[in-house]
1. Just wondering, is there one or more residues in the range 113-129 that are hydrophobic (A, V, I, L, M, F, W, C), modelled with pLDDT under 90, over 22 Å from the mean Cα position of the chain (by Cα) and assigned to a loop (DSSP other than H, G, I, E, B)?
2. Taking Gln77 and the conditions (1) surrounded by 13 or more Cβ atoms within 10 Å (Cβ to Cβ); (2) in a helix (DSSP H, G or I); (3) polar (S, T, N, Q), which numbered condition does it fall short on, given that it satisfies the others?
3. Which residues, taken from the range 73-95, are more than 13 Å from Phe117 (Cα to Cα) and not acidic (Asp, Glu)?
4. Could you figure out which of (1) modelled with pLDDT of 85 or more; (2) open to solvent by 30 Å² or more (accessible area, probe 1.4 Å) isn't true of Phe101?
5. Residues in the range 161-179: is at least one modelled with pLDDT of 85 or more, on the phi > 0 side of the Ramachandran plot and either open to solvent by less than 50 Å² (accessible area, probe 1.4 Å) or not in a helix (DSSP H, G or I) (or both)?
6. Out of the residues in the range 1-34 meeting the condition of being of a type in the set (D, E, K, R) and in a helix (DSSP H, G or I), tell me which one is modelled with the lowest pLDDT.
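The values are calculated or read from the model by the stated rules, or taken from the named source; none is laboratory data. Predicted model, so just to flag it, every value in this text is computed and none were measured. Note that each Cβ is placed from the backbone with ideal geometry, even for glycine, and that neighbours are counted across all protein chains shown. Please note that ligands, DNA and RNA were not included when accessible areas were found on the heavy atoms of the full protein model with its side chains. Shrake-Rupley method; radii C 1.70, N 1.55, O 1.52, S 1.80 Å.
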Amino acid sequence: MDSALLKATLELSTLAMLGLIKDEDGHQKRLVKLNTGVVYKQQKYNLEREETEGYAKLIVLLRNMPSAPAEVDAVVQSVLAIIGQFDLEPNRVMDIVLDCFEQQPRSLSFVALLKRFKPAYIVHVLGFKFGHYQARVTGDGASMASPSPSPSGYEVVPPSLTLLAATLVAQQLVELDALLP
């Protein structure tokens with residue numbers, strides 16, 4: 001048999017016993033390190049790797065989204081093709097989809113597209129949108145709120161964002177309990 005095939009399929013202890021590897025502990029450490037790197041290494045996305053043309057095409061496609069949910073399958077396929085073709089970061093794409101949905105709240109076509117994303121990620125991005133409107137407090141207690149804070153110290157959340165969140169909860173894409181924190 002080929003030694004490469006044996007090394008790929010047999011247990012480390014068996015390989016050491018057969019003399020195909022010299023240091024079983026060293027191989028075990030390298031195997032753990034390799035598996036950890038493959039499974040847990042996070043893909044880093046940056047603007048140098050992504051193409052802005054892809055985001056522009058995505059926005060144009062989303063702004064012209066059909067209002068009838070039945071006609072959205074072709075658009076969903078086009079969005080997925082743009083993500084793959086231009087190597088777009090999924091969280092940024094979801095943020096853009098939510099922005100376009102916020103601008104067109106009556107168009108439920110976005111629901112079919114958002115169903116392609118993991119619900120936990122939708123809650124996370126939506127939470128960041130709401131978190132943007134909270135006042136930031138520095139270490140000395142001074143408020144660093146955005147230009148037009150309300151008397152309570154928080155900037156007023158736009159009604160369109162609240163309507164978006166309510167629509168996502170009503171369409172069962174987001175759990176209200178998950179959004180509250």
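1. In the first step, residues of the range 113-129 are kept if they are hydrophobic (A, V, I, L, M, F, W, C); the result is 113-114, 117, 120, 122-123, 125-126, 128.
If we keep only those that are modelled with pLDDT under 90 as well, we get 113-114, 117, 120, 128.
If we keep only those that are over 22 Å from the mean Cα position of the chain (by Cα) too, we end up with none.
There is no residue in the range 113-129 that is hydrophobic (A, V, I, L, M, F, W, C), modelled with pLDDT under 90, over 22 Å from the mean Cα position of the chain (by Cα) and assigned to a loop (DSSP other than H, G, I, E, B).
2. (1)
3. To start, the set of residues in the range 73-95 that are more than 13 Å from Phe117 (Cα to Cα) comprises 73-75, 77-78, 81-82, 84-88.
Listed by number, the residues that qualify are Ala74, Val75, Gln77, Ser78, Ala81, Ile82, Gly84, Gln85, Phe86, Leu88.
4. Phe101 satisfies all of (1) modelled with pLDDT of 85 or more; (2) open to solvent by 30 Å² or more (accessible area, probe 1.4 Å) except (2).
5. Within the range 161-179, one or more residues are modelled with pLDDT of 85 or more, on the phi > 0 side of the Ramachandran plot and either open to solvent by less than 50 Å² (accessible area, probe 1.4 Å) or not in a helix (DSSP H, G or I) (or both).
6. Step one: of the range 1-34, the residues of a type in the set (D, E, K, R) are 2, 7, 11, 22-25, 29-30, 33.
Narrowing the set further to residues that are in a helix (DSSP H, G or I) leaves 7, 24-25, 29-30, 33.
Numbers: Lys7: 74, Glu24: 84, Asp25: 87, Lys29: 87, Arg30: 86, Lys33: 84.
The residue in question is Lys7.
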